[in-house]
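Single-structure report; data block below.
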Amino acid sequence: MKLKEFIVTEAIVPELSATSRDEALRELVLSLSSAGALPDAAVDGIVAALIAREKDGSTGFGKGVAVPHVKHAAVRKMAGTIGRAPTGIDFTALDHQPVFTIVLLLSPENQPQQHLQAMNVVFSNLQKDMFRRFLRQSTSRATIIELLDEADQGK
Amino acid sequence: MPTVSRDIIVSNSLGLHARPAMQFVDTANRFHSKVTVSKGGEEPYEADGKSVMQMIILAATQGTPLQIKADGDDAEAAVKSLAQLFADKFGEE
C-alpha cells in the first residue's frame with residue numbers, strides 16, 4: 001500500500017493553528033471534511049472518538065510524531081491527513097516529548113486488514129530519520145506531497 | 001544466556017493493531033531479556049518487541065503466524081507471559 005492511496009493531499013495542514021491535542025484533532029478532521037473525504041455531520045462524532053482513543057492510550061509513539069486513528073461507522077473510505085505543529089503540541093507522548101508531526105488516520109469499521117496495512121506504511125516511513133526530519137521541515141503542502149511521492153516510490 | 005522462542009498465531013479479529021502492540025511492549029519491558037517478534041511469509045519482518053512502532057509495522061492480521069523470541073536470563077518467563085497475551089487475545093474478541 002502507498003501513502004497517497006489514503007492520505008487526502010488537499011487535507012494536509014502544513015501549519016496547524018491548534019496549540020492543544022484536542023484542537024489539533026478537530027482541525028485535521030475538519031480539513032478532511034472540507035476536502036470532501038468525510039460528511040460534515042460526522043465531524044463531532046469522529047473528533048470525540050479520537051479524543052476518547054487518546055485518553056485510552058496516547059498515539060504519541062515518540063520521536064515527535066503522533067498517529068491518532070480510529071475506526072468509525074461514518075467513514076466510508078479510509079482517509080488520512082498530515083498536520084505540522086511547528087512549536088510542538090503535548091500529546092502525552094510515550095517519550096514525554098512534544099509532537100511536531102501528526103498523521104491522522106480514519107478507517108471504516110470491519111476492515112481491520114486495510115487498517116493494519118495503512119499503519120504499516122505510515123510507521124515504516126516514520127521509522128526513517130530522514131523522512132521524519134523532512135516532514136518536520138516541510139513548510140508547504142506541495143513540499144509534503146513531494147515527500148510522500150518520494151516515499152511511495154522508494155517502497 | 002538462554003534463548004527461548006515460541007510460535008504463536010494472532011487470534012483476535014482486529015489483529016496486532018496499536019493497542020495490543022502497546023500492551024505487548026509494556027509486558028516485554030518488564031523483562032531484562034531482549035525480545036524480538038518475527039513474521040515470515042512474503043514480507044518477512046523482525047520487530048524489536050520493545051518498540052511500539054516496530055510492532056505496528058508487523059501489521060499482523062488475524063491468523064498470522066509469529067515467532068516470539070527472548071534472549072536473556074529471564075527469557076523463559078518473558079516468552080511465557082508474552083505468548084499468554086496472544087492466547088488471551090489481548091482482552092479482545
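Coordinate-derived values only; no laboratory data. Since this is a predicted model, take the numbers as computed values, not measurements. Here the Cβ is made from the backbone with ideal geometry for all residues, glycine too, and neighbour counts use every protein chain on show.
Looking across the range B:28-51 at every residue that is among the hydroxyl-bearing types (Ser, Thr, Tyr) and away from chain A (no Cβ under 14 Å), the one that is farthest from B:Phe90 (Cα to Cα) is identified as B:Ser33.
Going by what's in this entry, would A:Lys55 be described as of a type in the set (Lys, Arg) and more than 14 Å from chain B (Cβ to nearest Cβ)? Steps first, please.
Details: of a type in the set (Lys, Arg): yes; more than 14 Å from chain B (Cβ to nearest Cβ): no.
It is false that A:Lys55 is of a type in the set (Lys, Arg) and more than 14 Å from chain B (Cβ to nearest Cβ).
Taken over the range A:44-90, the criterion of being crowded, with 19+ Cβ neighbours inside 10 Å and among the β-branched types (Val, Ile, Thr) is satisfied by A:Ile46, A:Val47, A:Thr59, A:Val65, A:Val67, A:Val70, A:Val75, A:Thr81, A:Ile82, A:Ile89.
Out of curiosity, is A:Asn125 at the interface with chain B (Cβ under 9 Å from one of its Cβ atoms), surrounded by 16 or more Cβ atoms within 10 Å (Cβ to Cβ) and in contact (Cβ under 8 Å) with a residue 60 or more places away in the chain? Let's see the steps before the verdict.
Values: at the interface with chain B (Cβ under 9 Å from one of its Cβ atoms): no; surrounded by 16 or more Cβ atoms within 10 Å (Cβ to Cβ): yes; in contact (Cβ under 8 Å) with a residue 60 or more places away in the chain: yes.
Considered against the rule, which asks whether it is at the interface with chain B (Cβ under 9 Å from one of its Cβ atoms), surrounded by 16 or more Cβ atoms within 10 Å (Cβ to Cβ) and in contact (Cβ under 8 Å) with a residue 60 or more places away in the chain, A:Asn125 comes out as no.
From the list A:Glu27, A:Glu15, A:Glu10, exactly one residue is surrounded by 17 or more Cβ atoms within 10 Å (Cβ to Cβ) and not basic (Lys, Arg). Which is it? Quick ask: steps written out before the conclusion?
Working: A:Glu15 fails: surrounded by 17 or more Cβ atoms within 10 Å (Cβ to Cβ); A:Glu10 fails: surrounded by 17 or more Cβ atoms within 10 Å (Cβ to Cβ).
Of the residues listed, the single one that is surrounded by 17 or more Cβ atoms within 10 Å (Cβ to Cβ) and not basic (Lys, Arg) is A:Glu27.
The sole residue among B:Gln54, B:Gln67, B:Gln62 that is within 9 Å of chain A (Cβ to nearest Cβ), over 22 Å from A:Gln111 (Cβ atoms) and either touching a residue at least 60 places away in the same chain (Cβ under 8 Å) or surrounded by fewer than 23 Cβ atoms within 10 Å (Cβ to Cβ) (or both) is B:Gln54.
Among the numbered criteria (1) in contact with a helix residue (DSSP H, G or I) (Cβ under 9 Å, 6 or more places away or on another chain); (2) in a loop (DSSP other than H, G, I, E, B), which one does A:Arg76 miss? Only one criterion in (1) in contact with a helix residue (DSSP H, G or I) (Cβ under 9 Å, 6 or more places away or on another chain); (2) in a loop (DSSP other than H, G, I, E, B) is unmet by A:Arg76, namely (1).
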